[in-house]
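Peer 1: Questions regarding the structure given below will be posed in turn.
FYI, it's all coordinate maths here, none of it is from the lab. Computed from a predicted structure; not experimentally measured. As a convention, Cβ positions derive from the backbone with ideal geometry for all residues, glycine included, and neighbour counts pool all protein chains shown.
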Amino acid sequence: MTDADVDGSHIATLILTFIYRYMKELVEQGYVYIAQPPLYLVKKGKEQAYAWNEEQRKLQVEKIGGGKDDSVNVQRYKGLGEMNSEQLWETTMNPGTRTLKQITIESAAEADRIFSMLMGDEVAPRRDFIESHARYAKLDI
């Protein structure tokens with residue numbers, strides 16, 4: 001389990017790369033999962049809903065606030081530490097309501113490939129990747 005933002009994604013990539021390189025059998029046997037905490041809480045009065053991405057946030061603003069951002073309170077979680085224990089249980093840890101992604105050999109191998117390219121000694125592949133993907137960056141500021 002890592003934060004729902006881009007920093008959490010980077011940490012998850014590092015962890016998956018480590019597991020893939022040194023404990024590959026865990027992935028092969030289906031024991032590795034990623035818990036998916038929400039990125040937003042959309043709230044108006046007593047009505048509230050969690051959203052795991054920007055598209056879901058917009059849908060909840062439409063549903064709860066009639067599409068008006070200023071009619072709802074949107075809390076963006078910068079990290080797991082901003083959630084109280086009940087929220088974390090309800091959204092990410094409760095077996096009845098949580099969302100888990102099982103890691104496959106293909107996804108772990110891809111994490112390893114990307115990590116090696118971005119952190120490796122060869123500058124050219126890293127520069128090419130950054131230049132070709134920069135327009136897709138979502139700045140978390």
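Peer 1: When the helices in the chain are scored as -39500 (n - 2.57) per DSSP H run of 4 or longer and the sum is shared across all residues, what 222 nm value do you end up with, to the nearest 500 deg cm²/dmol?
Peer 2: Mean residue ellipticity, 222 nm, calculated: -13500 deg cm²/dmol.
Peer 1: Taking the Cα centre of the chain as origin, sum charge times position over the Cβ atoms of Lys and Arg (+1) and Asp and Glu (-1), and report the length of that vector in debye to the nearest 20.
Peer 2: 420
Peer 1: Output wanted: per-residue J couplings in Hz (rounded whole) for the range 113-126, from phi through Karplus 6.51 cos²θ - 1.76 cosθ + 1.60, θ = phi - 60°, x for Gly and Pro.
Peer 2: 3J(HN,Hα) across the range 113-126, in whole Hz: 4, 5, 4, 4, 5, 6, 10, x, 7, 7, 6, 4, x, 5.
Peer 1: When we measure straight from the Cα of residue 68, which lysines land under 25 angstrom away, once same-chain ones fewer than 8 places off are left out?
Peer 2: Cross-link targets: 43, 44, 46, 58, 78, 138.
Peer 1: Between [x] 35, 21, 17; [y] 34, 14, 12; [z] 32, 21, 11, which entry matches semi-axes √(5λ) of the Cα gyration tensor in Å as derived from the coordinates of this structure?
Peer 2: Matching the structure shown: [z].
Peer 1: Taking the Cβ of each residue in 6, 74 as the centre, tally the other Cβ atoms inside 10 Å and list the residues starting with the fewest.
Peer 2: Lowest count first: 6, 74.
Peer 1: Is any residue of the range 8-45 close enough, with backbone N under 17 Å, to a label point placed 7 angstrom from the Cα of residue 113 along the Cα-Cβ axis, and if so, which?
Peer 2: 13-14, 16-18, 20-21, by backbone N distance to the label point.
Peer 1: Also, I was wondering about something else. Show the residues, 5+ positions off or on another chain, whose built amide H is closer than 5 Å to the amide H of residue 103.
Peer 2: The list, which skips near neighbours in sequence, is 32, 33, 34.
Peer 1: Suppose R0 equals 35 Å; then what is the FRET efficiency for residue 10 and residue 63 from their Cβ-Cβ distance, rounded to the nearest 0.05? The partial results should precede the final answer.
Peer 2: Values: r = 31 Å, r/R0 = 0.90.
So the FRET efficiency works out to roughly 0.65.
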